[in-house]
1. Report yes if Arg343 is touching a Ser or Thr at 6+ places or on another chain (Cβ under 8 Å) and open to solvent by 20 Å² or more (accessible area, probe 1.4 Å), otherwise no.
2. Looking at (1) modelled with pLDDT of 95 or more; (2) surrounded by fewer than 21 Cβ atoms within 10 Å (Cβ to Cβ); (3) touching a helix residue (DSSP H, G or I) at 6+ places or on another chain (Cβ under 9 Å), which one does Met1 not meet, given that it meets all the others?
3. Scan region 355-384 residue by residue and report those that are open to solvent by 40 Å² or more (accessible area, probe 1.4 Å) and among the polar types (S, T, N, Q).
4. Can you tell me which residues in region 35-47 are farther than 19 Å from Arg88 by Cβ and in a helix (DSSP H, G or I)?
5. Within region 227-246, work out how many residues are modelled with pLDDT of 85 or more, part of a loop (DSSP other than H, G, I, E, B) and either touching a Leu at 6+ places or on another chain (Cβ under 8 Å) or open to solvent by less than 40 Å² (accessible area, probe 1.4 Å) (or both).
6. Considering every residue within region 149-157, establish whether at least one is on the phi < 0 side of the Ramachandran plot, among the polar types (S, T, N, Q) and touching a residue at least 40 places away in the same chain (Cβ under 8 Å).
7. Give all pairs with beta carbons closer than 7 Å in which a residue from region 203-228 that is at positive phi meets a residue that is open to solvent by 20 Å² or more (accessible area, probe 1.4 Å); count only pairs at least 6 apart in sequence or on separate chains.
Amino acid sequence: MPSTYRRLLDVPAQSFFLFGMRGVGKSTWARAALPDAVYLDLLDERLHLDLLADPGLFYQSVAERPPGTWVVVDEVQRLPALLNEIHRCIATLRLRFALLGSSARKLKAAGTNLLAGRALRKSMFPLTAAELGADFDLDRVLRHGSIPLVWTSDAPDEVLGAYAQLYLREEIRAEALVRNLPGFVRFLPVAALFNGQVINVAGIARDAGVARTTVQGYLDILEDTLLVYRLPAYEARARVRERRLPKLYWVDPGVVRATKRHLGALSAEERGPLFESWVLTTLRAHAETQEHFEEIGYWSPHQTRTEVDFLLRRGRERLAIEVKAASRYHTGLLAGLRALGARPDVARRLLVYTGPRSFRSEDGIDVWPAQRFASAVASGELWP
């Protein structure tokens, strides 16, 4: 197994932010992709304190570099005021910046404008099937996730067990993102139990022993630190009323399992939500480099239990994806896609499951194994 994998992301031509959850490989990628860049790590406490006291020192430190030089600033969220100096460097020195961070929360809270469009915004996700290549193993991904530091470890359970503590120590406590740390600690495993479910703020608040408004703030923190994604309900005009509550999906299966303190063998109950979250992360990861969708949500008619996990929109077309962890196909797996119907704006209805066969049902629904789905997403063949 290689210690590093070729990532999907290529270096943009202009300055960019690169956000991703802790341990996802941003720093490793930057050092490999930009080997000649000036590299500044704000986890270096001496550097951090010097720039905190006088951000103008940053401009002085790079002023002699020729135009076009790349400068990597790691953990940029630790010093939001530095963006003013970076803006000045881009405008007057014509330097290019790769700004790496595990959260945009403090940058937004400080009122910064993320360089007013002078820098692109990119995201990095856990390793995808395309990046893992021959090493891809769905069961292993669902059990331990695919964050590089976990995937390449000889003791993944131990690394995952430490991840939640790393997150709390480095991201929450050090950056003072919450005032009530004990409440947040109680909230985390409760939120992990809601992976793949419609968010029930009242239920989470009751189980975690915190106020409903506090839960909303905690969910914002999880999303801002890139651990979760809130999937909205499909709200385009339709012949039925649509439910508006979002669903909560954790970005990495291993992290959600570690957060709810369940690192043993996969249970049948958790395979479905974990498989759904893997499909969503695969779609979002490839959307960084391919135009798979402009909007994504889930479809669930009001007052019914029928739903379709993901409804993608690209232009005027839509693509419906239902995800089932079943290894054997039966027609009941198509209930949601059949309820959606063969609408003229739906270019493809697709069932992704864990079985081995690919085929098309009599009413035109494609049925793909997980590996074929991952390959189609990577090759740009998801849409017909």
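The values are calculated or read from the model by the stated rules, or taken from the named source; none is laboratory data. This one's a predicted model, so the numbers in the text were calculated from it and none came from an experiment. Note: ideal-geometry Cβ built from the backbone for every residue, glycine included; neighbour counts use all protein chains shown. Surface areas here come from the heavy atoms of the whole protein model, side chains and all, with no ligands, DNA or RNA. Shrake-Rupley method; radii C 1.70, N 1.55, O 1.52, S 1.80 Å.
1. Values: touching a Ser or Thr at 6+ places or on another chain (Cβ under 8 Å): no; open to solvent by 20 Å² or more (accessible area, probe 1.4 Å): yes.
Considered against the rule, which asks whether it is touching a Ser or Thr at 6+ places or on another chain (Cβ under 8 Å) and open to solvent by 20 Å² or more (accessible area, probe 1.4 Å), Arg343 comes out as no.
2. Only one criterion in (1) modelled with pLDDT of 95 or more; (2) surrounded by fewer than 21 Cβ atoms within 10 Å (Cβ to Cβ); (3) touching a helix residue (DSSP H, G or I) at 6+ places or on another chain (Cβ under 9 Å) is unmet by Met1, namely (1).
3. Hits for region 355-384 are Ser358, Gln371, Ser375, Ser379.
4. Quick first cut of region 35-47, residues farther than 19 Å from Arg88 by Cβ only: 35-36, 39, 41, 43-46.
Selection gives Glu45, Arg46.
5. Taking region 227-246 as the starting set, the residues that turn out to be modelled with pLDDT of 85 or more are 227-233, 245-246.
Next, from what is left, pick out any that are part of a loop (DSSP other than H, G, I, E, B): 227, 232, 245-246.
Within this subset, residues satisfying the condition of being either touching a Leu at 6+ places or on another chain (Cβ under 8 Å) or open to solvent by less than 40 Å² (accessible area, probe 1.4 Å) (or both) are 227, 246.
Looking only at that region, the number is 2.
6. Here is the first cut: in region 149-157, the residues on the phi < 0 side of the Ramachandran plot are 149-157.
Narrowing further to those that are among the polar types (S, T, N, Q): 152-153.
Next, only the ones that are touching a residue at least 40 places away in the same chain (Cβ under 8 Å) stay: 152.
Checking region 149-157: at least one residue is on the phi < 0 side of the Ramachandran plot, among the polar types (S, T, N, Q) and touching a residue at least 40 places away in the same chain (Cβ under 8 Å).
7. Within 7 Å, the pairs are Gly209/Arg186.
Listed here are the residues, each with its yes/no results for (1) closer than 23 Å to Val215 by Cβ; (2) in contact with a helix residue (DSSP H, G or I) (Cβ under 6 Å, 6 or more places away or on another chain).
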{"residue": "Leu227", "(1), (2)": "yes, no"}
{"residue": "Leu248", "(1), (2)": "yes, no"}
{"residue": "Leu266", "(1), (2)": "no, yes"}
{"residue": "Arg271", "(1), (2)": "no, no"}
{"residue": "Ala342", "(1), (2)": "no, no"}
